[in-house]
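Worksheet: one structure, shown below.
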Amino acid sequence: MASDHKRQIYFARTYRHLKANRAECALFLLLFILPCLVLLLLFYDELTWVMTNGAVWMIQQAGGPRAEISAGTFLPRLGPAYYAVLPTTQPDYSLILGNLAVCLGTVWVLSTGPRKGRPVAVYLSIMLLIHTMACAFFLLGKDLMPYTLEDFSDLYIKQQIGIWITFLVLIGLVMGVLGRGAILRRMLTVVSIMLYSFVLGFVRYVLFLWILYRFSVLYMPLMFFALGPFFDFLYFVAIYAISTNGVIRIYNTKKKGDWVWA
Amino acid sequence: MGIIVLKGYMIFTIVLMIVYAVRHLLFAYNRAFGKQKLYYNDIYSSRMPKISVLVPMHNEEQVLHYVLDSLLQCDYDRDRLEIIPINDNSTDRTRELLDEYHAKYEFIRPLHRDCPDRGKPAGLNDAMAVATGDIIIVFDADYRPATDMLKQLAIAFADPSVGAVMGRVIPYNANRNMLTRLINLERSGGYQVDQQARYNMGLIPQYGGTVGGFRKDLLLKMGGFNPAVLAEDTELTFRLFTNGWKVIYANSAECYEETPETWEVRGRQIRRWSRGHNNVMFRYFLRVLVTKHMNWKEKLDGILLLLVYAVPFLLAVGQLDAIALFFLHEMDILSGWWVLLFIGAYCSFGNFAPFYEIGSALTMDGIKNEVYLLPLIMYNFYFYMWTISLGFLDAIADLITGRQVVWAKTKRFTK
């Protein structure tokens with residue numbers, strides 16, 4: 001090649017794409033995601049049993065009462081969903097009024113000045129308004145509150161199983177159908193998300209139960225709507241992002257030849 | 001009965017979100033692995049059509065020289081090109097600066113408007129009345145077209161079935177702050193994957209009102225732009241499709257724009273888009289369903305596209321619905337985990353592009369590290385839900401009261 005010739009042609013990014021590997025995609029879904037899903041459905045009762053026992057032990061270590069363990073139904077003909085039963089602590093009026101004042105004051109601060117309209121301010125305002133509604137509910141009709149701490153515990157566990165199933169299906173589809181690169185990397189992404197979900201689900205369960213038992217069920221709606229699954233998506237997408245960045249690096253360096261143009 | 005309605009609405013919201021999530025999954029798959037439909041890059045003719053480049057401006061002294069200087073650099077026969085900057089009731093030095101350009105370049109012919117009906121659609125109508133080109137190309141004043149941009153956009157009209165063409169928009173101030181970086185992610189997902197996949201799949205690529213063009217005679221025959229519509233671009237897209245014309249997408253025609261650098265400006269921009277888009281949705285929903293010029297795939301995509309700015313409002317109602325169900329002790333529907341699916345579905349939907357669509361776009365673009373910002377788009381979700389819902393309510397109020405819309409310009413940040 002003459003020295004004045006261009007040594008490399010840089011292909012435009014415009015119409016490049018990757019070769020589809022449908023067999024790999026099908027195998028990933030059938031041999032990895034589907035068995036994982038079946039295992040999860042068969043053993044979610046064991047998971048909730050371990051999680052609930054751990055929560056009961058930790059709450060007792062923290063000076064709480066010895067909680068009982070009960071079981072509810074998540075999916076018919078599959079195992080029960082175990083949950084801890086703790087006594088319900090009702091809020092007193094001073095606590096309700098204090099929370100109400102803090103909520104309204106914070107919402108006012110967030111909706112004025114330079115903070116107004118910023119995403120975090122909007123998010124916090126919506127969440128604080130939910131807590132304000134809870135305060136108003138307890139203020140006007142404490143006895144009408146339909147949930148005990150036992151109900152919340154049951155709902156949390158069911159929601160947590162829902163998170164595990166949904167996350168496995170969602171990341172399975174994303175990694176199986178849209179994913180590229182080493183199978184091990186994709187499997188690791190799925191496993192990381194599921195492990196993080198198990199750990200966070202447990203830690204949050206203990207924390208929620210402790211706060212609701214120690215302070216009162218006034219915080220129940222806030223925990224359910226603000227600190228629940230919304231936060232799970234942060235680590236879900238964060239782990240996906242780490243995995244995708246690795247794929248971008250590989251396809252821009254080592255695997256340039258895998259690109260197809262149009 | 002009330003409980004059944006509340007639960008029914010929640011299930012409706014879940015189903016709606018799954019439909020959008022699947023739609024975007026298909027788009028991402030098509031863009032990542034499907035055969036790409038090429039644009040008309042390789043058929044440059046020696047005799048390109050006569051084009052008129054319209055640049056609507058209102059108080060654009062800060063940025064107008066960027067767009068005009070970029071247009072002057074463009075590779076297009078000067079005798080087949082005219083540039084019409086539309087000075088729409090500016091109160092700054094826009095008029096003076098444009099006249100200076102006109103003195104230097106005869107083919108830059110500013111149109112000065114000093115009239116009460118300020119706004120992009122009205123300005124474009126007036127400019128089309130004096131334009132001599134067969135093809136109209138539109139750029140907003142904050143855009144910086146590349147040298148081959150005019151040729152790239154104009155060549156599409158060699159195909160007689162093409163009514164309009166749209167290029168790719170890329171922020172040039174992407175690294176200014178967190179907001180611009182997040183908008184850059186959305187733009188990447190929205191154009192590199194969404195628009196290109198819709199073009200590949202024979203669906204509805206959208207004309208975006210800038211970095212695009214259309215046939216002048218066609219639009220004049222259709223009565224020009226409607227000054228009462230804020231989203232004249234979306235309206236043109238659906239007007240063309242429901243009349244049997246095609247809108248095509250040119251992914252290779254990359255043009256740089258300035259994106260908002262503050263949340264306040266972004267919020268106003270999004271609210272205005274939502275108001276305009278929903279206004280078009282009310283006008284075209286039935287027309288899309290009954291038109292004989294669109295096949296079932298185009299109709300389905302058209303309806304989903306029309307509903308895009310209504311979805312955040314429907315989700316906001318869904319959120320209130322979930323809170324109501326919670327306090328009514330009815331949250332335990334279908335064993336409790338549907339609530340997760342509901343939340344999961346809208347999180348995966350995100351705002352304008354779900355996370356996996358953006359991830360695919362960044363892979364195609366080969367952009368490293370920016371993908372680490374993806375988790376932050378979750379916080380944008382509530383911001384968009386709020387501002388887009390306000391825009392939706394604006395559109396409802398417009399529909400009920402028949403009030404006149406007032407055009408508002410996006411603030412510029414270039415010094």
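Read-outs throughout are calculated quantities, based only on the coordinates presented, and are distinct from any laboratory measurement. Everything numeric in this text was worked out from a predicted model, so none of it was measured. Here the Cβ positions follow ideal geometry from the backbone for every residue, glycine too, while neighbour counts run over all protein chains shown.
Springs join every pair of Cα atoms under 10 Å in this Gaussian network model of chain B, and among B:Lys292, B:Lys368, B:Lys37 the largest mean-square fluctuation is at B:Lys368.
Taking 35 Å as R0, compute the FRET efficiency from the Cβ-Cβ separation of B:Arg93 and B:Leu220 and round it to 0.05.
0.60
With q set to 0.12 Å⁻¹, the log10 of I(q)/I(0) for chain A, from the Debye formula over equal scatterers at the Cα positions, is -0.88.
Dividing the alpha-carbon radius of gyration of the range B:357-415 by the rule-of-thumb value 2.2 N^0.38 Å gives 1.70. Both radii are taken from the alpha-carbon atoms of the protein assembly as shown; with Rh as the Kirkwood radius, Rg/Rh is 1.01. If only the Cβ of Lys and Arg carry +1 and only the Cβ of Asp and Glu carry -1, the dipole of the range B:51-287 around its Cα centre is close to 940 debye. Treating only the Cβ atoms of Lys and Arg (+1) and Asp and Glu (-1) as charged, compute the dipole magnitude of the protein assembly as shown about its Cα centre; round to the nearest 20 debye. Roughly 1260 debye for the protein assembly as shown. Take the Cα of B:Asn175, step 7 Å toward its Cβ, do the same at B:Asp159, and the gap between the two points is 3.6 nm.
How large is log10 of I(q)/I(0) for the range A:91-146 at q = 0.30 Å⁻¹ when the intensity is taken from the Debye formula with one equal scatterer per alpha-carbon? Values returned for q = 0.30 Å⁻¹ are -1.11. Across all directions, the average projected area of the convex hull around the alpha carbons of the range A:14-60 is 6.2 nm². Given in Å, the Rg to one decimal and the Dmax to the nearest whole number for the Cα atoms of the range B:63-177 are 14.8, 43.
Based on every Cα atom in the range A:40-100, Rg and the maximum pairwise Cα distance Dmax equal 15.7, 46 Å.
In which sequence would A:Arg185, B:Arg95 go, from the one with the fewest C-beta neighbours within 10 Å to the one with the most? Each step should come with its number before you reach the end.
Values: A:Arg185 15, B:Arg95 18.
In increasing order of surrounding Cβ atoms, one gets A:Arg185, B:Arg95.
Only helices enter this figure: runs of n ≥ 4 DSSP H residues, each worth -39500 (n - 2.57), summed and divided by the residues of the protein assembly as shown, yield -18000 deg cm²/dmol at 222 nm to the nearest 500.
Overall shape of the range A:135-262 was characterised from the C-alpha gyration tensor. The equivalent ellipsoid obtained from it has semi-axes of 42, 13, 12 Å, in decreasing order. Evaluated with a Cβ-only charge set (Lys, Arg +1; Asp, Glu -1), chain B carries a dipole of roughly 700 debye about its Cα centre, given to the nearest 20. With N as its number of residues, the range B:51-287 has a Cα radius of gyration that, divided by 2.2 N^0.38 Å, comes to 0.96. In chain B, the alpha-carbon atoms span a convex hull of 150 Å³ per residue.
An ellipsoid equivalent to the range B:1-124, defined through the eigenvalues of its Cα gyration tensor, has semi-axes of 45, 27, 12 Å when rounded to whole angstrom and sorted largest first. Axis of helix B:2-33 versus longest Cα principal axis of chain B: the two differ by about 50°, to the nearest ten degrees.
Extension gain for A:Arg77 to A:Phe215 (0.36 nm times residue separation, less C-alpha to C-alpha distance): 46.0 nm.
Helix A:229-252 and the longest principal axis of the C-alpha atoms of chain A enclose an angle of approximately 10°. In a GNM of chain A with a 10 Å cut-off on Cα contacts, which of A:Val122, A:Val247, A:Val56 has the highest mean-square fluctuation? Residue with maximal mean-square fluctuation among A:Val122, A:Val247, A:Val56: A:Val122.
Sorting A:91-103, B:203-215, B:157-169 by average packing, meaning the other beta carbons within 10 Å per residue, from highest down gives B:203-215, B:157-169, A:91-103. Shielding value for A:118-129 is 5, the average number of Cβ atoms from other chains within 10 Å of each residue's Cβ. The alpha carbons of the range B:156-279 give a radius of gyration and a Dmax of 15.2, 45 Å, in that order. Against chain B, whose longest principal axis comes from its Cα atoms, helix B:94-104 is set at around 40 degrees. Note on A:Ala62/A:Gln90: beta-carbon distance plugged into 1/(1 + (r/R0)^6) with R0 of 30 Å gives a FRET efficiency of 0.90.
When the pairs A:Lys19/B:Lys368; B:Lys7/B:Lys299; B:Lys50/B:Lys246; A:Lys254/B:Lys35; B:Lys120/B:Lys292 are compared against a 26 Å limit on Cα-Cα distance, B:Lys7/B:Lys299; B:Lys120/B:Lys292 fall above it.
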